[in-house]
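Data first, discussion second: the structure below is written as structure tokens.
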Amino acid sequence: MSFRVAPLDSYAERITTGVAYLGGLLLLPLLFSYLSNLHWAGLLIPSSFAGLLALFLLLAYASQPTSYQLEEKHLVVKRRWLWAVRVPFAQITGVALAPALADLRQLRLAFNPGIFGYQGPFQLAPYGKAFFLATNRECFVSVARKTALPLILSPIQPRLFVEKLNEQRKQI
């Protein structure tokens, strides 16, 4: 059974667009220098920073989740270009809706808080650490695991996802 990932929420869209625009703006001095046939060694700094932003955008896009699949004995998180994340049902201790996590104002540490979604390890002040593979704060689902950080996902139908995942776990 496969579940689609919720589309990016407005915050993630704004952050992604803003970072992409910033990278483009950082390349404008290089463009003007080329058009005016001037060479200035200082152009290496904004160009390098724009290159790093482009690399981060590419990595965030590559790791963006595309679907959540319930296989016979695994929860599988498919991603755009990177390998899928497989979680055995035996490792899952609980699944629940997580609307309280939508308030990211309590964020203390995050790998990627908004560029093409919310990905990587996060530290939320009142809740502790969690690993996010989500795109929309309004659809958060928490998957508690025995030996790893809780996994936060965002299927487009969170209630149905929780029901089906719990049913699959009970059958095992």
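The values are calculated or read from the model by the stated rules, or taken from the named source; none is laboratory data. Note that the structure is a prediction, hence the values are computed from the model and not measured. Note: ideal-geometry Cβ built from the backbone for every residue, glycine included; neighbour counts use all protein chains shown.
When the residues of region 125-142 are narrowed to those that are hydrophobic (A, V, I, L, M, F, W, C) and modelled with pLDDT of 85 or more, which ends up surrounded by the most Cβ atoms within 10 Å (Cβ to Cβ)?
134
Every residue in region 74-112 that is over 17 Å from residue 166 (Cβ atoms), in contact with a Leu (Cβ under 6 Å, 6 or more places away or on another chain) and in contact (Cβ under 8 Å) with a residue 40 or more places away in the chain, please.
Of everything in region 74-112, just one residue is over 17 Å from residue 166 (Cβ atoms), in contact with a Leu (Cβ under 6 Å, 6 or more places away or on another chain) and in contact (Cβ under 8 Å) with a residue 40 or more places away in the chain, namely 77.
With the requirement that a residue be surrounded by 13 or more Cβ atoms within 10 Å (Cβ to Cβ) and closer than 30 Å to residue 32 by Cβ, what does region 44-81 give you?
Hits for region 44-81 are 46, 47, 49, 50, 51, 53, 54, 56, 57, 59, 60, 61.
Identify all residues within region 97-117 that are surrounded by fewer than 16 Cβ atoms within 10 Å (Cβ to Cβ) and modelled with pLDDT of 95 or more; write none if there are none.
If the condition is that a residue be surrounded by fewer than 16 Cβ atoms within 10 Å (Cβ to Cβ) and modelled with pLDDT of 95 or more, then 97 is the only one that fits.
Could you run through region 54-98 and say how many residues are outside any strand (DSSP E or B) and either touching a helix residue (DSSP H, G or I) at 6+ places or on another chain (Cβ under 8 Å) or under 16 Å from residue 133 (Cβ atoms) (or both)?
Adding up the residues that qualify gives 18.
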